[in-house]
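In what follows, a structure is listed as structure tokens, so that the remarks can point back to it.
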């Protein structure tokens with residue numbers, strides 16, 4: 001598993017596309033937070049990172065599938081998947097190595113955004129007037145969201161040898177699991193069970209964590225979705241239908 005983990009990280013960080021993806025993410029979120037008047041923290045007037053944590057999921061829906069789309073698709077297209085499967089590695093070792101590499105790369109992409117925290121803290125009146133504990137909890141929720149989207153991206157990549165197809169499937173699944181159940185819960189005919197339906201979606205649980213509130217029920221939900229996606233991916237690996 002460790003060999004797969006380092007291999008995936010090295011392949012990603014040694015490619016130009018990696019830095020393009022990360023640069024697009026940081027540029028996009030930076031423009032939204034500091035430049036565009038509708039979402040600018042400077043116009044908001046409060047030392048708060050709420051807009052950052054509310055905007056990041058929508059960027060993650062494209063960033064993370066772009067990171068994970070090649071992990072199994074490229075192996076299958078290049079014919080190296082068969083070679084990998086003949087090595088003394090269990091399916092779970094291959095899967096977890098690739099998944100943990102994806103999670104590491106997501107964390108690597110998030111890390112530079114800590115600069116926003118220090119900048120907002122410095123600009124506060126007085127300086128340091130920011131809810132640090134809340135920000136830490138919100139970053140933890142964002143990391144968990146990234147881990148969920150990574151598991152969805154890995155699952156999508158195991159379907160096909162076409163990276164573009166894997167990307168599209170992952171974006172759709174991320175969007176549906178994040179926002180779809182919330183949209184369905186607003187249908188009038190389902191008003192009696194709208195709260196239950198809403199709790200099946202990621203948005204319901206992420207909203208709590210993005211405010212810095214860490215609830216055991218939310219943790220269980222995120223970990224359950226990750227486990228379900230990895231289990232489905234492992235079943236595809238075990239089928240050996242390459």
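The values are calculated or read from the model by the stated rules, or taken from the named source; none is laboratory data. Note that this is a predicted model, so its numbers are computed, not measured. Reconstructed Cβ throughout: ideal geometry from the backbone, glycine too, with neighbour counts over all protein chains shown.
Some notes on this structure:
- Subset of segment 184-207 [touching a residue at least 24 places away in the same chain (Cβ under 8 Å) and either over 19 Å from the mean Cα position of the chain (by Cα) or assigned to a helix (DSSP H, G or I) (or both)]: 202, 203, 206
- Which listed residue, of 23, 54, is out of contact with any helix residue (DSSP H, G or I) (no Cβ under 9 Å at 6 or more places or on another chain), surrounded by fewer than 17 Cβ atoms within 10 Å (Cβ to Cβ) and either at pLDDT 75 or above or within 23 Å of residue 179 (Cα to Cα) (or both): 23
- Tally, over segment 208-242, of residues that are crowded, with 18+ Cβ neighbours inside 10 Å and closer than 27 Å to residue 55 by Cβ: 9
- Any hit, segment 68-86, residues being in a loop (DSSP other than H, G, I, E, B) and at pLDDT below 80: yes
- Here residue 201 passes the criteria (1) crowded, with 20+ Cβ neighbours inside 10 Å; (2) under 25 Å from residue 92 (Cα atoms) except the one numbered (2).
- If you check 181, 172, 143, 176 for being out of contact with any helix residue (DSSP H, G or I) (no Cβ under 8 Å at 6 or more places or on another chain), closer than 16 Å to residue 205 by Cβ and assigned to a helix (DSSP H, G or I), only one passes: 176.
- Within segment 33-40, not a single residue is under 17 Å from residue 237 (Cβ atoms), at pLDDT below 80 and not in a helix (DSSP H, G or I).
- Test for residue 159: is it in a helix (DSSP H, G or I) and either within 16 Å of residue 57 (Cα to Cα) or touching a residue at least 60 places away in the same chain (Cβ under 8 Å) (or both): no
- Some residue of segment 121-140 being more than 17 Å from the chain's Cα centre (by Cα), without any contact (Cβ under 8 Å) to a residue 40 or more places away in the chain, at negative phi and in a helix (DSSP H, G or I): yes
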